[in-house]
Amino acid sequence: MSAEYILFDFVDEATLLDKDNMVRLLIAITEGNQFQFLKKALVCDDSPGLNYVPNSPETLANAWNNAIRARQRYNGYWMEFENADGLRFSFGFDPDDARRLFLTAKKTDLRADQNLREFIRIAEIIFNTLRPEYAFGLFSYDTQETPEIGAFPTALWDYNFFSGGMTHEWGREMLEAVPAWRFAGLAGGGLLLEMSPNPITQPQIKNYREASAALGFARYYQGG
């Protein structure tokens, strides 16, 4: 079953390899108890409960330790969450190449507008907590080639997350003048451009074409 991704690129590996940063992110994601961390097979026997890790700073910090322990089994450090509506998402990265973090969910789940909004809300939490340089998606390994980590943007995506520095470089007024369905301010003066209310079921192709031209991009990617 196909998956959709948002990719977060960092200028170096220090942010993702700092455990304190990851625990802060886990706490931010679970604030309000809308999502719970799903226990990992074989490596979460030190946490009470059947399926979920309790949403406390101590247990979440230990859950990150268990994610590190499970590196070989899960091909990196990965965390999986679920809400009461059954939406699951995962995020993680390869510690040997810790300049890119991946956020992913099933494409079928993201067809529902409520699920998609929650997915993007989590993406904004990740961006605002960890402050990457750039993030983009929806990305699909089934149909697209993986962009080089740290490469300057050369295409428009459904979701375009610009850091404060990148927003300044482009010009905030210029970015906010392109046609988009939604703009959202991000931590550190960053900016999110959303091109469609739901790029899987309600693509607004005119926005993509006009925004790509305004930003000088030769291409755009829509719907993963």
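Take the conditions closer than 21 Å to Thr30 by Cβ, touching a helix residue (DSSP H, G or I) at 6+ places or on another chain (Cβ under 6 Å) and not polar (S, T, N, Q) and apply them to Asp85. Does it pass?
Numbers: closer than 21 Å to Thr30 by Cβ: yes; touching a helix residue (DSSP H, G or I) at 6+ places or on another chain (Cβ under 6 Å): no; not polar (S, T, N, Q): yes.
It is false that Asp85 is closer than 21 Å to Thr30 by Cβ, touching a helix residue (DSSP H, G or I) at 6+ places or on another chain (Cβ under 6 Å) and not polar (S, T, N, Q).
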* Asked: Filter region 154-170 for residues that are touching a residue at least 60 places away in the same chain (Cβ under 8 Å) and under 18 Å from Phe183 (Cα atoms); which is surrounded by the most Cβ atoms within 10 Å (Cβ to Cβ)?
  -> Phe161
* Structure fact -> All conditions in (1) closer than 25 Å to Glu124 by Cβ; (2) out of contact with any strand residue (DSSP E or B) (no Cβ under 7 Å at 6 or more places or on another chain); (3) surrounded by 19 or more Cβ atoms within 10 Å (Cβ to Cβ) are true of Asn66 except (1)
* Structure fact -> Of the residues in region 83-127, those that are of a type in the set (S, T, N, Q), within 23 Å of Thr143 (Cβ to Cβ) and exposed (fewer than 15 other Cβ atoms within 10 Å of the Cβ) number 1
* Asked: Hey, any hits in region 199-220 for a residue that's under 16 Å from Arg117 (Cα atoms) and loosely packed, with under 14 Cβ neighbours inside 10 Å?
  -> yes
* To do: Write out, first by first residue and then by second, each pair whose Cβ atoms fall under 9 Å of each other, whose residues are 6+ apart or on separate chains, and whose first residue, in region 191-203, is part of a loop (DSSP other than H, G, I, E, B) while the second is among the acidic types (Asp, Glu) and crowded, with 16+ Cβ neighbours inside 10 Å.
  => Met195/Asp158; Ser196/Asp158; Pro199/Asp158; Ile200/Glu4; Ile200/Asp158; Pro203/Asp158
* To do: Give me a count of the residues in region 4-21 that are touching a Ser or Thr at 6+ places or on another chain (Cβ under 9 Å) and either at pLDDT below 95 or under 15 Å from Asn128 (Cβ atoms) (or both).
  => 2
* To do: Could you list all residues from region 155-185 that are in a strand (DSSP E or B) and within 21 Å of Tyr208 (Cβ to Cβ)?
  => Ala155, Leu156, Tyr159, Asn160, Phe161, Phe162, Arg182, Phe183, Ala184
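The values are calculated or read from the model by the stated rules, or taken from the named source; none is laboratory data. These numbers come from a predicted model, not from an experiment. Every residue, glycine among them, receives a Cβ derived from its backbone with ideal geometry; neighbour counts consider all protein chains shown.
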